Each structure stands twice: as C-alpha cells, then as structure tokens.
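Engineer: Pasting in a structure now, in structure tokens, and then I'll have a few things to ask.
Just so you know, all these numbers are worked out from the coordinates, no wet-lab data involved. Not measured: the values here are computed from a predicted model. With ideal geometry, Cβ positions are generated from the backbone for all residues, glycine too; neighbour counts draw on all protein chains shown.
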Amino acid sequence: MRKLTSFMGWLLCLAIVAGCGSDQVESAEYGKELNHTSMVITSDGLKWDVDKTAPSFEDTLKQMPFEVKQIKLPFPPTHQAASVIKAPFDMIQLTYADLLYGQQIILVESNSQDDSEPKGKPGPKLQNGTPTWIQSDSQTSALYWKADGYTYLLMSNKVKNGHFVPLFTPKELAVIASSMK
C-alpha cells in the first residue's frame, strides 16, 4: 500500500504558482496532470507508479505547441515520464527518477503569459543572469524563473527514512537549470 505523502499536492500548488494569475483559473481540474506517472513510496519500498494510458515520453513532448527544453541530468535516470498538465495555457511536466538511489528531478514548463511578480525568496541567478525564486519546502527543493516568454519550475527530492526530502540546494538547481537546452 502506498505511503501517503503531500508531495503531489505540493507539486500541484507549485505548478499553479509557476504560471498563472488567479483570474485564469476556471475549473477544479486546473493543475492536474492528464497522465500521472511518478516515483512513490510504498510499504515495500520505492515504486515507479505508471499510468498505463499515458503516451510515451517522446509522444508527449510532441503534443506541446512549443519546443520543450530539457536539462542536463545530474544523475542517470532509471525512469522518465512526461505529463501534460491541465491549465488555460500549455504546461508540461518532465520527471526523471533513479529508483536505485531514491532521487528525482522534475522540470515544469509553460507558455503562460502571466506577468505578475513572482512570489518566494529571491534565489541564485542562472548563468545567463536570469533571476530565480526559491520555492522549496521540507520535502522538495525548487527554483522558479521566467525566460523568453516561458515559465519554468525545477524541483528535486530524494527519499530518506521513508520520506521525501530536498535533494539539491537552490545554487545546485541554478546550475542544473542553466544547462537547459
């Protein structure tokens, strides 16, 4: 049986913060992944919980009306998934996990045209000078930024003593984010 964590609820909140003004929210479905595949903690250990109806990683990338950027991964993933997220704009989540070491990194990208001031503590600048904002909590380290008309959120966590905890520091996330192509 799955051990319940609030990670996915936290992810939903961050996805909403990462690209919208409250005026754009039109339904309770907003921010929900159309296909959900993720690393989960179970009573038997870590598991890659696969949505069998999900299109392939590559096919999901092709669904987006913009070029989906990817980061240079800081570890070799054992699993990866791409999920479209319901929103009044285009949003995708890329999840890369290493179940052997219990770690994952998630990149959310959107073409939201929201121009509100970002919330959170200012974070380290990317190598190109782009400002970031720290969105971390006790379960996940996270960094948010806007560039070239797109909004990004990079998150990471690992499993320690049966719970999700942050994996990378904001400075390390900024280095990873700067590798995006």
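Engineer: Lys and Arg at +1, Asp and Glu at -1: add these up for the other residues within a Cβ distance under 12 Å of residue 178 and post the number.
Structural biologist: Summing Lys/Arg as +1 and Asp/Glu as -1 gives +4.
Engineer: Determine the distance separating the Cα centre of the range 65-107 from the Cα centre of the range 135-165; give it in Å without decimals.
Structural biologist: 12 Å
Engineer: Run the reach check for residue 158 against lysines, Cα to Cα strictly under 25 Å, same-chain hits fewer than 8 apart removed. What comes back?
Structural biologist: Within reach: 3, 32, 47, 52, 69, 72, 119, 121, 125, 171, 181.
Engineer: On to the next question. What does the charge add up to near residue 65, with Lys and Arg as +1, Asp and Glu as -1, over the other residues with Cβ less than 13 Å from its Cβ?
Structural biologist: -2
Engineer: Which part of the range 150-167 falls in the paramagnetic zone of residue 100, meaning amide N under 17 Å from the point 7 Å along Cα-to-beta-carbon?
Structural biologist: Taking a point 7 Å out along Cα→Cβ of residue 100, the residues of the range 150-167 whose backbone N falls under 17 Å are 159.
Engineer: So, R0 is 45 Å and r is the distance between the beta-carbons of residue 128 and residue 43; what FRET efficiency does that work out to, to 0.05?
Structural biologist: 0.50
Engineer: Can you compute the modelled spin-label distance between residue 117 and residue 163, with each label point 7 Å from Cα toward Cβ, in nm?
Structural biologist: The modelled label-to-label distance comes out at 3.4 nm.
Engineer: Here's something else I'd like to know. What distance in nm separates the two pseudo spin-label positions at residue 67 and residue 178, each 7 Å out from Cα along the beta-carbon direction?
Structural biologist: 2.2 nm
Engineer: To the nearest 20 Debye, how big is the dipole of the range 41-108 about its Cα centre, given +1 on the beta carbon of each Lys and Arg and -1 on that of each Asp and Glu?
Structural biologist: 100 debye
Engineer: In addition: Local charge sum around residue 105 (other residues, Cβ-Cβ under 12 Å, Lys/Arg +1, Asp/Glu -1)?
Structural biologist: Taking every Cβ under 12 Å from that of residue 105, the sum is 0.
Engineer: What is the order of 175, 159, 50, fewest Cβ neighbours within 10 Å to most?
Structural biologist: Ordered from fewest to most neighbouring Cβ atoms within 10 Å, 175, 159, 50 come out as 50, 175, 159.
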